[in-house]
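Have a look at the structure below before the remarks.
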Amino acid sequence: MTVSVGVVGSANVDLVVRVAALPRRGETVLGGDVERSSGGKGANQAVAAAAAGAKVTLFARLGDDESGRWLASQLAARGVTLGVTRASALPTGVALITVEEGGENAIVVAPGANAELDLGDSDLRAFDVVVAQLEVGDRALRQAAAARRLVLNVAPSRPVPPEVLAAAAVVVANETEAEALDLAALASAVVTRGAAGAVHYRHGREVARAIPPAVDVVDTVGAGDVFCATYAVRLAAGDDDAAALRYAVTAGALATRARGAQGAVPTTEEVNRWLARAS
Ligand code: RIB
């Protein structure tokens, strides 16, 4: 069965510089050359869901500029359909990313056109699952809340309209983002903990936990996005909580093995090979 996924989210041009160690506040450091890659939490999740075998539509807003056209072509090449292509008066979103040796990163996003995303009368109920993150404005988030099943990734951390949080079938957060959540008040929440894996809570009570495989980490940018997207795809495909979590931590770990947010997104075959090896 092919799962249909709607992604409501951002598309950014990622400008990445590699450094020995991330700069401290007030510090200037020298890095390598600037690398441009396709990114944005929404676009990364759309590409990861497509690689996991889903039929994916990304609802995103791009600027009427070279970056917007480049991102659209990158997404099409990865099998993602663009749901909203209306040009914005604002420029395409940009993420300034530094990645240190060992793969950790720091990111600043200039949202540009992402902030103006408006789904109009798009029918989100047509999708088996909808995934949304917080790099778009509240209007788009409220529209995403109409989904039959919403997986809400509360990244980057910022206030979320309460009705959107309440509409989410599952809320996904990393450890820092989870500090702003009342897990006990959420029907279902997943907290990711990097190499330590992920934990699934129902009303604050742990119901599943999974540990990722050990891999040689090159770049952690986008690993959380791969986790969210593949978790949503596997849930919609009928996996139980534990199986979906195992698949997602494995896919997230495999995504750290090459440069770029979309550079090492694993296919279903790859993830299943690693899962078979682990069992
Ligand atoms: O989650 C990683 C993403 O965050 C990057 O691709 C960047 O664009 C920012 O949105």
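The values are calculated or read from the model by the stated rules, or taken from the named source; none is laboratory data. Just so we're clear, the structure is a prediction, and the values are computed from it rather than from any experiment. Don't worry about glycine lacking a Cβ; one is built from the backbone with ideal geometry, like all the others, and counts go over all protein chains shown.
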**Fill in**
Exactly one of ASP64, ASP14 is more than 24 Å from ALA251 (Cα to Cα) and among the acidic types (Asp, Glu), and that one is ASP64
**Request:** Please tell me if VAL265 is at pLDDT 95 or above, in a loop (DSSP other than H, G, I, E, B), within 16 Å of the ligand (Cβ to nearest atom) and closer than 20 Å to ALA48 by Cβ.
**Result:** yes
**Prompt:** In the stretch 66-99, what residues are more than 14 Å from the ligand (Cβ to nearest atom) and in a strand (DSSP E or B)?
**Reply:** VAL80, THR81, LEU82, ALA87, SER88
**Asked** So which residues in the stretch 43-65 are aliphatic (A, V, I, L, M) and not in a strand (DSSP E or B)?
**Response** ALA43, ALA46, VAL47, ALA48, ALA49, ALA50, ALA51, ALA52, ALA54, ALA60
**Prompt:** Are any residues in the stretch 208-256 of a type in the set (D, E, K, R) and within 16 Å of the ligand (Cβ to nearest atom), and if so, which ones?
**Reply:** ASP219, ASP225
**Asked** Which of the residues belonging to the stretch 100-144 are among the acidic types (Asp, Glu) and within 13 Å of the ligand (Cβ to nearest atom)?
**Response** GLU104, GLU135
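Residue-wise test of (1) away from the ligand (no atom under 16 Å from the Cβ); (2) within 18 Å of the chain's Cα centre (by Cα); (3) on the phi > 0 side of the Ramachandran plot.
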| residue | (1), (2), (3) |
| --- | --- |
| LEU150 | yes, yes, no |
| ALA155 | no, yes, no |
| GLU163 | yes, no, no |
| ALA166 | yes, no, no |
| VAL170 | yes, yes, no |
| GLU177 | no, yes, no |
| ASP182 | yes, no, no |
| LEU186 | yes, no, no |
| ALA195 | yes, yes, no |
**Asked** Could you say whether any residue in the stretch 237-257 is surrounded by 24 or more Cβ atoms within 10 Å (Cβ to Cβ), assigned to a loop (DSSP other than H, G, I, E, B) and modelled with pLDDT of 95 or more?
**Response** yes
**Asked** Within the set of pairs 6+ apart or on separate chains, which have a first residue in the stretch 8-32 that is more than 30 Å from VAL129 (Cβ to Cβ) and assigned to a loop (DSSP other than H, G, I, E, B), a second that is within 16 Å of the ligand (Cβ to nearest atom) and aliphatic (A, V, I, L, M), and C-beta atoms under 6 Å apart?
**Response** LEU22/ALA106; GLY31/VAL17
**Prompt:** Name the residues in the stretch 149-176 that are assigned to a strand (DSSP E or B) and in contact with a Gly (Cβ under 7 Å, 6 or more places away or on another chain), would you?
**Reply:** ASN174
